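Everything on this sheet refers to the single structure shown next.
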Amino acid sequence: MSADFSPSCVLVTGGAGFIGSNFVHTVLAEQADLTVINLDNLTYAGNLSNLASLKGDRRHVFVRGDVADADLVASLLTEHRPQALVHFAAESHVDRSIHGPDDFLRTNVQGTFNLLECARAHAQQLAPGGFRYLQVSTDEVYGSLEPDAPPFTEQHRYEPNSPYSATKAAADHLARAWHHTYGLPVLTTNCSNNYGPYHFPEKLIPLVIHRALLGQALPIYGDGQQVRDWLYVQDHCRAVWRVLQAGVPGETYNIGGWNEKTNLDVVRTLCAALDEMSPRADGQSYAQQITFVADRPGHDRRYAIDARKIERELGWRPQETFESGIRKTVRWFLDHPDWVRDVTSGAYRQWVSQQYGAESV
Ligand code: NAD
Ligand code: DAU
């Protein structure tokens, strides 16, 4: 069996966002000799405070810039000569893609195209097998499952339904083509819904924790019976690193937690955890704040991931159960009110007003 691919320098894109920042923390904690070049243009979803504890660590080099900037990306590759590029940067929020898809086309499609082209030129300067490109994708590209259908395997055809998932699918197809046509060593991962520290509070789990503690309504779209598969973010990060180390170029790997839950169940679980860990002053349950609101247009009914390939071929398994991961997440949000306050000022309030109505802010 060949030795694992073991880069000493990795270019990470989107490393100031939710999953990217968790990835940077996780790999730097576990790989003593690794340097991470972190390229992020700090959109509303990117926060340098996610990386504050790395201040002074010379193994982390932050560069503010756009993944679609060809000159910048080429110069970073020439200067640092990374052996891998792990591409997290994206516009990632389905609801925002419905209100305004333009940025999704630019970052997710044009940005990925630019990275692939720069990576192709860079890989040609290195010895064969000396470089890997990892495309971080999502289960949403597979579309929506019927209630009794088997979970998505890597063979499931792409059927994206939202502007967000359509742009992610387009990016994945580009990455596939750059492997097939140019021989770029591309690995692709398709992961289910993540949750955990640094999760921006426009997504369901952090939004519910944040609003519950403020005594605000907890908005459930439609009937709340939509199903998602949930994975603790550090389990996703370890899976991405494992694929980078030992995956076969040209292959895709599904990543998931075997945790299918309806949205209503997720919100009730969060309310129960909060009832125990930070009870309401009036002794009532946070579940009383649950409110049903208009459904998301085109809302996918069910996602589920079959993660047997990565488990079997690369030996990866999630370390957290849904119950342990949710408790860690609630604890993290209770312990980091300053982070929540910083990221929910200004533009965040405008978004909540646009999405849920002015009275909800
Ligand atoms: P996020 O929105 O929290 O973070 C995205 C990061 O990318 C931000 O730091 C932002 O500033 C940066 N960025 C955006 N546009 C950029 C540009 N043009 N140039 C440079 N940086 C830019 O997203 P996330 O939830 O951390 O998701 C990261 C990746 O994982 C995405 O590719 C997403 O599709 C994928 N993914 C997410 C989930 C999930 O549950 N959140 C699940 C599966 C896959
Ligand atoms: O499946 C992976 C995807 O998970 C990633 O590719 C995306 O980047 C990530 O944002 C996430 O997408 P979702 O649309 O599934 O996540 P979100 O947290 O926005 O919503 C989760 C579910 O909860 C979804 O069915 C919509 C519902 N929801 C969401 C919000 C924000 C509500 O019912 N109420 C809400 O207020």
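The values are calculated or read from the model by the stated rules, or taken from the named source; none is laboratory data. Being a predicted model, the structure only gives us computed values, none of them experimental. Cβ coordinates were reconstructed from backbone atoms using ideal geometry, including for glycine residues, and neighbour counts include every protein chain displayed. Ligands, DNA and RNA are stripped out before the accessible areas are found, and what is left, the full protein with its side chains, is counted by its heavy atoms. Shrake-Rupley method; radii C 1.70, N 1.55, O 1.52, S 1.80 Å.
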Problem set entry | So Gln110, is it closer than 14 Å to Ala170 by Cα, at pLDDT 95 or above and either near ligand 1 (Cβ under 9 Å from one of its atoms) or not charged (D, E, K, R) (or both) | yes
Seminar exercise, completed: Reported set for the stretch 140-165 where residues are free of Cβ contacts under 8 Å to residues at least 40 places away in the same chain, within 24 Å of Thr107 (Cβ to Cβ) and not acidic (Asp, Glu) is Tyr158, Pro160
Exercise. Filter the stretch 58-79 for residues that are surrounded by 15 or more Cβ atoms within 10 Å (Cβ to Cβ) and away from ligand 1 (no atom under 14 Å from the Cβ); which is farthest from Ser162 (Cα to Cα)?
Worked result: Arg59
For this session: Working carefully through the options Leu54, Leu115, find the one that is within 11 Å of Leu11 (Cβ to Cβ) and away from ligand 2 (no atom under 16 Å from the Cβ).
Result: Leu115
For this session: Enumerate the pairs (first residue in the stretch 51-74 and free of Cβ contacts under 8 Å to residues at least 60 places away in the same chain; second residue anywhere and open to solvent by less than 30 Å² (accessible area, probe 1.4 Å) and among the small types (Gly, Ala, Ser)) with beta-carbon separation below 7 Å, excluding pairs fewer than 6 apart on the same chain, so at least 6 apart or on different chains.
Result: Leu51/Ala16; Leu51/Ser21; Val67/Ala89; Val67/Gly111; Ala68/Gly111; Leu72/Gly65
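So which residues in the stretch 182-206 are assigned to a helix (DSSP H, G or I) and within 13 Å of ligand 1 (Cβ to nearest atom), if there are any at all?
Taking the stretch 182-206 first, the residues assigned to a helix (DSSP H, G or I) are 182, 204-206.
Hits for the stretch 182-206 are Leu204, Ile205, Pro206.
Applying the selection to the stretch 243-299, what residues are outside any loop (DSSP other than H, G, I, E, B), of a type in the set (Ser, Thr, Tyr) and touching a residue at least 40 places away in the same chain (Cβ under 8 Å)? Spell out the reasoning first.
First, pick out the residues of the stretch 243-299 that are outside any loop (DSSP other than H, G, I, E, B): 243-246, 252-255, 260-277, 286-293.
In the following step, the residues that additionally are of a type in the set (Ser, Thr, Tyr) were identified as 252-253, 262, 269, 286, 291.
Residues satisfying the conditions are Thr252, Tyr253, Thr269, Tyr286, Thr291.
Say whether the condition of being open to solvent by 50 Å² or more (accessible area, probe 1.4 Å), assigned to a strand (DSSP E or B) and not acidic (Asp, Glu) is met by at least one residue in the stretch 83-95.
Taking the stretch 83-95 first, the residues open to solvent by 50 Å² or more (accessible area, probe 1.4 Å) are none.
So far as the stretch 83-95 goes, no, none of its residues is open to solvent by 50 Å² or more (accessible area, probe 1.4 Å), assigned to a strand (DSSP E or B) and not acidic (Asp, Glu).
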For this session: Take the stretch 99-109 and flag every residue that is buried (at least 17 other Cβ atoms within 10 Å of the Cβ) and out of contact with any helix residue (DSSP H, G or I) (no Cβ under 6 Å at 6 or more places or on another chain).
Result: Thr107
Problem set entry | the stretch 154-176 - residue that is within 16 Å of ligand 2 (Cβ to nearest atom) and assigned to a loop (DSSP other than H, G, I, E, B) and, of those, nearest to Leu85 (Cα to Cα) | Glu154
Problem set entry | Identity of the residue in the stretch 187-211, hydrophobic (A, V, I, L, M, F, W, C) and touching a residue at least 24 places away in the same chain (Cβ under 8 Å), that ends up farthest from ligand 2 (Cβ to nearest atom) | Leu187
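I'd like to check something: does the stretch 305-322 contain any residue that is small (Gly, Ala, Ser) and over 28 Å from Trp258 (Cβ atoms)?
We begin by selecting, within the stretch 305-322, every residue small (Gly, Ala, Ser); these are 307, 315.
Now restrict to residues that are over 28 Å from Trp258 (Cβ atoms): none.
Checked the stretch 305-322: no residue is small (Gly, Ala, Ser) and over 28 Å from Trp258 (Cβ atoms).
Is there a residue being of a type in the set (A, V, I, L, M, F, W, C), within 16 Å of ligand 2 (Cβ to nearest atom) and on the phi < 0 side of the Ramachandran plot anywhere in the stretch 99-108?
yes
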